[in-house]
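The values are calculated or read from the model by the stated rules, or taken from the named source; none is laboratory data. The shown structure was predicted, so the numbers you read here are calculated from the model rather than taken from an experiment. Counting neighbours? That spans all protein chains shown, and the Cβs are built from the backbone with ideal geometry, glycine included. These accessible areas exclude ligands, DNA and RNA; they are computed on the full protein's heavy atoms, side chains included. Shrake-Rupley method; radii C 1.70, N 1.55, O 1.52, S 1.80 Å.
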Amino acid sequence: MKNFTYSNPVKIIFGKNTIPALAVEIPKNARTLILYGGGSIKRNGVYDQVIETLNGKIHFEFSGIGANPEYETCLKAIELIREKNIDFLLAVGGGSVIDATKFIALASQAEGDLWEIVTKYKYPYKAMPFGTVLTLPATGSEMNCNAVITKAETHDKKSFNTPLVFPRFSILDPETTYSLPARQIANGVIDTFVHTTEQYLTYPVGGALQDYFSEAILKVLVKNGEQALKVPKNYEVRANLMWASTWGLNGWIAQGVPEDWATHMIGHELTAFFGLDHAQTLAIVLPGVLDVMHEEKADKLLQMGERVFGISEGNKEERVFAAIHSVDSFFRGMGVGTHLSNYGLGKEAIDKVVERFRERGWILGEHQNITPEMVEKILIKRL
């Protein structure tokens, strides 16, 4: 196992009827900006709960944060923050709303070209404090210091990471997820699954505890994913999926082990250029990465196959490819297409993505051996 240093200061408030905790968690005299996406939190009652809890506190609202949060939208929120002298942020929604809030928390304290926060990692010395109410489990953003922002003008989707944007607290009430449409349920499960495999399906370094934690997360997703589609109001299912998504990317399973993230980097370009849901791109790309890189990942694929999917028969190569097939089948069982053709994309889409990797000189993977040419090979597998 590799050396590591780990710290996570996020306070988690988990369970039924926990939104009223906002009354205690938000500072008494704060001028709070509530950030959210569309109208879903108004339809499912979450908005009413938040507003009722903040009754008597000074608060303002900013809505319209999209599924792939855009830099341009964030700038409008920053204008409002400066106009109203906001000093606390509350993200109410899924990972997109929380990611946007993280950028806004930083950028509102910065000067100059704010896009350099994600292109050159020019962070201010502090960020505005914020909390979250999670309504769509997927990204783990409620318990980490990562975020991804898209610049619509240039079709750039960029990530950043700084301890300045750990939430002060996150409220996780599984009942807030009952009204999610099937597409968002599936996306959340797949996003969590791939977050986990990016930190797990690499090569062994003796991180037994990290491996078992990762496998536990994957097993929870496999067991409960399709159940959430069939019985949306099963509290036990929703609670386990919500907690699994938080653990999929709260930093713990990455400690002391190698990480990949090639699937995400390739997927980000498919989203930036063609507007696919983030999880849809992951469902396309991950099986291709595992197929093309199966020799380097064989030991972990065998381990996942046996411990997560119960694959124990056949020779080594057969079991490796059975594990890859099981991942692909799981995604399709969640109702998500796993090939570019499922979304009307062909070779021209591959060429566009590969050219961007060539322009940027990016080399990916835990071994830093996934070249643009390898990216092309991976995507051709997924036509």
For region 1-22, which positions are surrounded by fewer than 12 Cβ atoms within 10 Å (Cβ to Cβ) and without any contact (Cβ under 8 Å) to a residue 60 or more places away in the chain? T5
Going by the conditions given, is R319 open to solvent by 20 Å² or more (accessible area, probe 1.4 Å) and at pLDDT below 95? no
Consider Q280 against the criteria (1) farther than 17 Å from A182 by Cβ; (2) open to solvent by 10 Å² or more (accessible area, probe 1.4 Å); (3) not hydrophobic (A, V, I, L, M, F, W, C): it satisfies all of them except one. Which criterion is unmet? (1)
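Looking at region 69-97, which of its residues are among the polar types (S, T, N, Q), in a helix (DSSP H, G or I) and surrounded by fewer than 22 Cβ atoms within 10 Å (Cβ to Cβ)? Even if it seems obvious, please write down each step before you answer.
First, pick out the residues of region 69-97 that are among the polar types (S, T, N, Q): 73, 85, 96.
Next, only the ones that are in a helix (DSSP H, G or I) stay: 73, 96.
Within region 69-97, T73 is the sole residue that qualifies.
Restricted to region 175-201, and to residues that are of a type in the set (S, T, N, Q) and either in contact with a strand residue (DSSP E or B) (Cβ under 8 Å, 6 or more places away or on another chain) or under 17 Å from I117 (Cα atoms) (or both), which residue is surrounded by the fewest Cβ atoms within 10 Å (Cβ to Cβ)?
Start the filter on region 175-201 by keeping residues that are of a type in the set (S, T, N, Q), which leaves 176-177, 179, 184, 187, 192, 196-197, 199.
Adding the requirement that they be either in contact with a strand residue (DSSP E or B) (Cβ under 8 Å, 6 or more places away or on another chain) or under 17 Å from I117 (Cα atoms) (or both) leaves 176-177, 184.
Working: T176: 27, T177: 26, Q184: 20.
Here the residue is Q184.
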Can you tell me how many residues within region 216-264 are open to solvent by 10 Å² or more (accessible area, probe 1.4 Å), of a type in the set (S, T, N, Q) and in contact with a strand residue (DSSP E or B) (Cβ under 8 Å, 6 or more places away or on another chain)? 0
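Kindly check whether there is at least one residue in region 42-60 that is under 28 Å from V189 (Cβ atoms), aromatic (F, W, Y) and over 20 Å from the mean Cα position of the chain (by Cα). Even if it seems obvious, please write down each step before you answer.
At the first step, the residues of region 42-60 found to be under 28 Å from V189 (Cβ atoms) are 42-50.
Those left that are additionally aromatic (F, W, Y): 47.
Checking which are over 20 Å from the mean Cα position of the chain (by Cα) leaves us with 47.
Yes, because at least one residue in region 42-60 is under 28 Å from V189 (Cβ atoms), aromatic (F, W, Y) and over 20 Å from the mean Cα position of the chain (by Cα).
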Flagged pairs (Cβ under 7 angstrom, 6 or more apart or on separate chains; first in region 283-298, closer than 19 Å to L340 by Cβ; second assigned to a helix (DSSP H, G or I) and of a type outside the set (A, V, I, L, M)) are A283/F331; V285/T263; V285/G267; L286/T197; L286/T263; P287/D328; V289/T263; V292/K377
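Taking helices (runs of 4 or more DSSP H) that do not extend beyond region 314-383, which have at least 2 residues that are closer than 16 Å to T197 by Cβ and of a type outside the set (G, A, S)?
On the way: elements: 316-333, 347-360, 372-380.
So the answer is 316-333.
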Any chance you could count how many residues in region 339-383 are polar (S, T, N, Q) and touching a Leu at 6+ places or on another chain (Cβ under 7 Å)? 1
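Could you please let me know if L180 is in a strand (DSSP E or B) and closer than 18 Å to S245 by Cβ?
Numbers: in a strand (DSSP E or B): no; closer than 18 Å to S245 by Cβ: yes.
Criteria not met by L180.
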Among (1) touching a residue at least 40 places away in the same chain (Cβ under 8 Å); (2) out of contact with any strand residue (DSSP E or B) (no Cβ under 7 Å at 6 or more places or on another chain) - the single one T271 does not satisfy: (2)
Kindly check whether there is at least one residue in region 282-292 that is over 23 Å from the mean Cα position of the chain (by Cα) and farther than 30 Å from H155 by Cα. no
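Search region 31-52 for residues being assigned to a loop (DSSP other than H, G, I, E, B) and surrounded by fewer than 18 Cβ atoms within 10 Å (Cβ to Cβ), and hand back the single one that is modelled with the lowest pLDDT. So that I can check it myself, show each step before the final result.
To start, the set of residues in region 31-52 that are assigned to a loop (DSSP other than H, G, I, E, B) comprises 36-39, 44-45.
Subsequent filtering for residues that are surrounded by fewer than 18 Cβ atoms within 10 Å (Cβ to Cβ) retains 38-39, 44-45.
Values: G38: 83, G39: 80, N44: 89, G45: 92.
Per the criteria, the residue is G39.
Taking the conditions exactly as written (charged (D, E, K, R), farther than 30 Å from L241 by Cβ and out of contact with any strand residue (DSSP E or B) (no Cβ under 6 Å at 6 or more places or on another chain)), does D113 satisfy them or not? Break it down stepwise before answering.
Details: charged (D, E, K, R): yes; farther than 30 Å from L241 by Cβ: yes; out of contact with any strand residue (DSSP E or B) (no Cβ under 6 Å at 6 or more places or on another chain): yes.
Yes; evaluated as a whole, the condition is true for this residue.
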So the check is Cβ under 7 Å with 6+ separation or different chains; which pairs have a first residue in region 231-248 that's touching a residue at least 40 places away in the same chain (Cβ under 8 Å) and over 14 Å from T135 (Cβ atoms) and a second one that's aliphatic (A, V, I, L, M) and open to solvent by less than 50 Å² (accessible area, probe 1.4 Å)? A244/I217; A244/V220; A244/L221; W247/I217; G248/I217
Return the residues of region 342-368 that are touching a strand residue (DSSP E or B) at 6+ places or on another chain (Cβ under 7 Å) and either touching a residue at least 40 places away in the same chain (Cβ under 8 Å) or farther than 19 Å from L282 by Cα (or both); say none if nothing qualifies. L364
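Of all residues in region 202-215 being crowded, with 16+ Cβ neighbours inside 10 Å and assigned to a helix (DSSP H, G or I), which is nearest to the chain's Cα centre (by Cα)?
Narrowing region 202-215 to residues crowded, with 16+ Cβ neighbours inside 10 Å: 202, 207, 210-211, 213-215.
So of that shortlist, the ones also assigned to a helix (DSSP H, G or I) come out as 210-211, 213-215.
Details: Q210: 19, D211: 20, F213: 18, S214: 16, E215: 18 Å.
So the residue we want is S214.
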Listing of strands (runs of 3 or more DSSP E) fully contained in region 98-174 that carry 3 or more residues being surrounded by fewer than 21 Cβ atoms within 10 Å (Cβ to Cβ), in contact (Cβ under 8 Å) with a residue 40 or more places away in the chain and out of contact with any Pro (no Cβ under 6 Å at 6 or more places or on another chain): 156-161
Those residues that are open to solvent by 60 Å² or more (accessible area, probe 1.4 Å) and either farther than 17 Å from I86 by Cα or not in a strand (DSSP E or B) (or both), I need them from region 53-68; list them, please. N55, G56, S63, A67
